[in-house]
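The values are calculated or read from the model by the stated rules, or taken from the named source; none is laboratory data. All values derive from a computational prediction rather than experimental measurement. Using ideal geometry, Cβ is built from the backbone for each residue, glycine included, and neighbour counts are taken over all protein chains shown. What goes into the accessible areas is simple: the full protein's heavy atoms, side chains included, and nothing from ligands, DNA or RNA. Shrake-Rupley method; radii C 1.70, N 1.55, O 1.52, S 1.80 Å.
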Amino acid sequence: MPFHHSTPAGVRRARPAAAAFLTWFAIAVGPVGAQTTLDDTEAAIARAVESNQPESVELLERIVNLNSGTLNAAGQRAVHDALAPHFERLGFEVDYLPGSPDRGGHFVARRRGSQGKHLLLIGHLDTVFEVDSPFQRWEWVNDSIGRGPGANDMKGGNVVIWSALQAMHAEGALDNTSITVVMTGDEERPGRPLEQSRAVLLEAGRDADLALGFEGGTDGLGVVARRSSSSWRIDVQATTAHSSGVFRDLVGAGAIYEAGRILEDFYSEIRGEENLTFNAATIVGGTEISWDAESARGTAFGKTNVVPPAVVITGDIRTLTDDQLERTREKMRQIVARPLPGARSDITFTDGYPSMPPTEGNYALLARLSEASEALGHGPVEPFDPGRRGAADVSFVASVIEAGTDGLGPSGSGSHTVRETVNVRSMERASKRAAILMYRLTR
Ligand SMILES: [Zn+2]
C-alpha cells in the first residue's frame, strides 16, 4: 500500500478498531489507490483555480477591509454578506445562524448529494482586531505579499475555501457532492457557554464524515493533531498581620510566599511531559487587590510592613489529549492542596478548546493531501509537530468525525499582530491542493 506516512506508535484510533481500520483504509487508499499524477478533470480544476485568482484576491482585499473584530457583531454580518453571493453562485444554500447572544453569528453554506465523503470545511469570520484597533486596512507590501487585519488568520483561508470550490464548480465536480462550510463568528474569543456558541459547528460535524480546517498553513506541512486550550485561576487567601510577625505559627507565610511555592511546584513537578504546556500568565498580590476576569486586568496595593492576605494567579493549559489535561489538572489540585502555614488556596479550571488528538484517520487524510500536493508538483506534505499548533475550531468536531486536518489555508506571518501578512501566491497553491483533495474525497 503506497502511502506516505506510517502511523507513529501511540496514535489513537478515533473509533472502534474495525470501523477505524475501514475508515483509515477508505481514506488512505481511496477508490483507486495512491494517485500522484493529475487526471484530466483535476488538471482542468487546477487551471480553473488560476483563472479565479484575480477574483479571489479582490474578494480577500474587500473582506479584510471590513472590520470583524470578535466583539463587532455587525462586522461578522458584513463579512457574511460579502461572501454569501459567491457561494450561492456555486449552488450552496447560505445561512447566517446565531451563536451566543453577545457575539456575531456563523456563516453556514450547504450543498447535498450522495457521492463520496461528506466534507465539513471550517473557517472563521472574526479577527482579533476590534473597531478601535489602528490596524484596519489591506495594503500591498509587494506583488505577492499583502498586509491587513485577518489577512492570514483567517480571511485568506476563507477565500481559499471559495476559490477551491469555485474551480470544482467550473468543472462540474461539485455535482452530487455533500459539502458544508462553517465559518464561525467568534473563534478568537468564543461566546459562553461553549455548548451554545459551538452548537452550529458541532451539528455540522455530526452530519459530516471528514473535517478540513483552513487556518493558515505552512508549505510542506499538514496538521494531524491540535492541542487543547483551557485556563486556570488560583485564589490564595492568607492570614494578614504586621510584617514583623511573618513566619510565626499564628501568622504563617502570607499569600505571596504561598503563591510562589505553588508556581515553583508546578514548574518543578509538572513540567516536562511531551506536548504539555501550562503558562502562568498574570499574578496580582498584596494587601488590597482586585482582578477583573473580563478585561483581564488587576490592581494591587500593599505596604512592606503588612503580611499580604491575597493573591490571584491566572494561566492556561495546552494538551494533546483530554486524558493529559485531566492528569495535569489533578497534579495541580494536589499541589494547591498542601499550603504553607497560614494560607489556603483554591484552583478553578475553565474549559476552552478541546484537543484534536493524532489518529490513524488523520494520518491517512494527510497522506491523501500529500498525494494531491505531489500530483500538483508541490512536493510531499509532512505532519506538523502537534505541540506547535495552537487550538482551533476543528477540534470541536474531532470526536464526531472520521478524520480531520487543518492548516489548508495560505501561508503568512505575524498573525494576531499589526504586522500580519499573507502570501497571495501561496493562496493559489493552497486552493489547488484543497480542490484536488476535495475532488478525490468526494468521488
Ligand atoms: Zn484563526
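Average accessible surface for the chain: 41 Å² per residue, computed with a 1.4 Å probe over protein heavy atoms with every protein chain in place. Within the straight-line cut-off of under 21 Å between alpha carbons, the lysines reachable from Lys117 are Lys432, sequence neighbours fewer than 8 places apart in one chain being disregarded.
Once the chain from Gln196 to Arg47 is taken as fully extended at 0.36 nm per residue, the excess over their C-alpha distance is 49.5 nm.
Considering only protein heavy atoms and a 1.4 Å probe, what is the carbon-and-sulfur percentage of the accessible area of the chain? Kindly include the intermediate steps, with their values, before the conclusion.
On the way: 9400 of 18160 Å².
For the chain, the apolar C and S fraction of the accessible surface comes to 52 percent.
Of the trypsin sites (Lys or Arg not before Pro) found in segment 71-157, those that fall in a DSSP loop while having at most 16 other beta-carbon atoms within 10 Å are Arg89, Arg112, Arg137.
Let me check against my output: what whole-number percent is the relative contact order of segment 229-353, with C-alpha pairs under 8 Å and at least 6 apart? Intermediate results must be reported in sequence, preceding the final value.
Working: 255 pairs, mean separation 55.1, N = 125.
About 44 percent, as a whole number.
With r as the distance between the Cβ atoms of Asp235 and Phe301 and R0 = 22 Å, compute the FRET efficiency 1/(1 + (r/R0)^6) and round to 0.05. In this case the efficiency is close to 0.80.
Peptide packing: for 44-53, 393-402, the average count of neighbouring Cβ atoms within 10 Å per residue gives the ranking 393-402, 44-53, highest mean first. Loop-located trypsin sites (Lys or Arg not before Pro) in segment 204-282 (DSSP state not H, G, I, E or B) with no more than 14 neighbouring Cβ atoms inside 10 Å: Arg248, Arg271.
Mean residue ellipticity at 222 nm from the helices of the chain, using -39,500 (n - 2.57) per DSSP H segment of n ≥ 4 over the full residue count, to the nearest 500 deg cm²/dmol? If you can, show how the numbers build up before the last one.
Numbers: 10 runs with 142 residues, N = 443.
Computed mean residue ellipticity for the chain: -10500 deg cm²/dmol.
Counting Lys and Arg as +1 and Asp and Glu as -1 over every other residue whose Cβ lies under 12 Å from the Cβ of Ala238, the net charge comes to 0.
Multiplying the residue separation of Glu330 and Ala84 by 0.36 nm and removing their Cα-Cα distance gives an extension gain of 84.0 nm. With viscosity 0.692 mPa s and temperature 37 °C, the Kirkwood radius over alpha carbon pairs of segment 229-353 converts through Stokes-Einstein to a diffusion coefficient of 218 µm²/s. Determine the distance separating the Cα centre of segment 76-137 from the Cα centre of segment 139-188; give it in Å without decimals. About 10 Å separates the Cα centre of segment 76-137 from the one of segment 139-188.
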